[in-house]
Amino acid sequence: MSDHLLHLTDRDMSREELAKRGTVLVDFWASWCGPCRMIGPAVEKLADEFAGRAQVGKLNVDENADSAMEYNVASIPTLVVFKDGVEVERVVGVQPPKALSAMLERHL
């Protein structure tokens, strides 16, 4: 597991907390979700690839339902890029690692 990957909770997902982090990619996932498990290794690699430039984290929607509701996450995996606390891009479903990297790169 990546040393740079954040394990986020509802407490971390307020606009103020996200704004402190700069550019953040959040993977909304659940342990029972097959596609979430498929994309997990790519998300971990992104955390290492973007260390020092952006932050990458995972938020378990079963354990943090308030954030899932607040950000209108209806399907998982949902990956959202926040810049200074504001959502700037979102994708739903399994994505190729290069597409995720490009998505994050666009917002640096």
Mean accessible area per residue over the chain (1.4 angstrom probe, all protein chains present, square angstrom) is 52 Å²
Can you compute the charge dipole magnitude of the chain about its Cα centre, using +1 on each Lys and Arg Cβ and -1 on each Asp and Glu Cβ, nothing else charged? Give it in debye, rounded to the nearest 20. 340 debye
Which percentage, to the nearest 5, of the DSSP beta bridges contained in the chain is antiparallel? 55 percent
Nearest 20 debye, what's the magnitude of the dipole of region 63-108 about its Cα centre given +1 on Lys and Arg Cβ and -1 on Asp and Glu Cβ? 300 debye
Rounded to a whole number of µm²/s, how large is the Stokes-Einstein D of the chain at 20 °C and 1.002 mPa s, given Rh as the Kirkwood radius over C-alpha pairs? 160 µm²/s
Dipole check, the chain, charges on Cβ (K,R +1; D,E -1), about Cα centroid: among Ala68, Ser14, His107 the Cα furthest to the positive pole belongs to His107
Carbon plus sulfur fraction of accessible area for the chain, probe 1.4 Å, in percent: 52 percent
Cα to Cα, under 22 Å, and not fewer than 8 places away if on the same chain: which lysines meet these conditions relative to Lys20? Lys58, Lys83
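The values are calculated or read from the model by the stated rules, or taken from the named source; none is laboratory data. Small disclaimer: the values here were computed from a predicted structure and weren't measured. Using ideal geometry, Cβ is built from the backbone for each residue, glycine included, and neighbour counts are taken over all protein chains shown. The accessibility values were calculated without ligands, DNA or RNA, using every heavy atom of the protein model including side chains. Shrake-Rupley method; radii C 1.70, N 1.55, O 1.52, S 1.80 Å.
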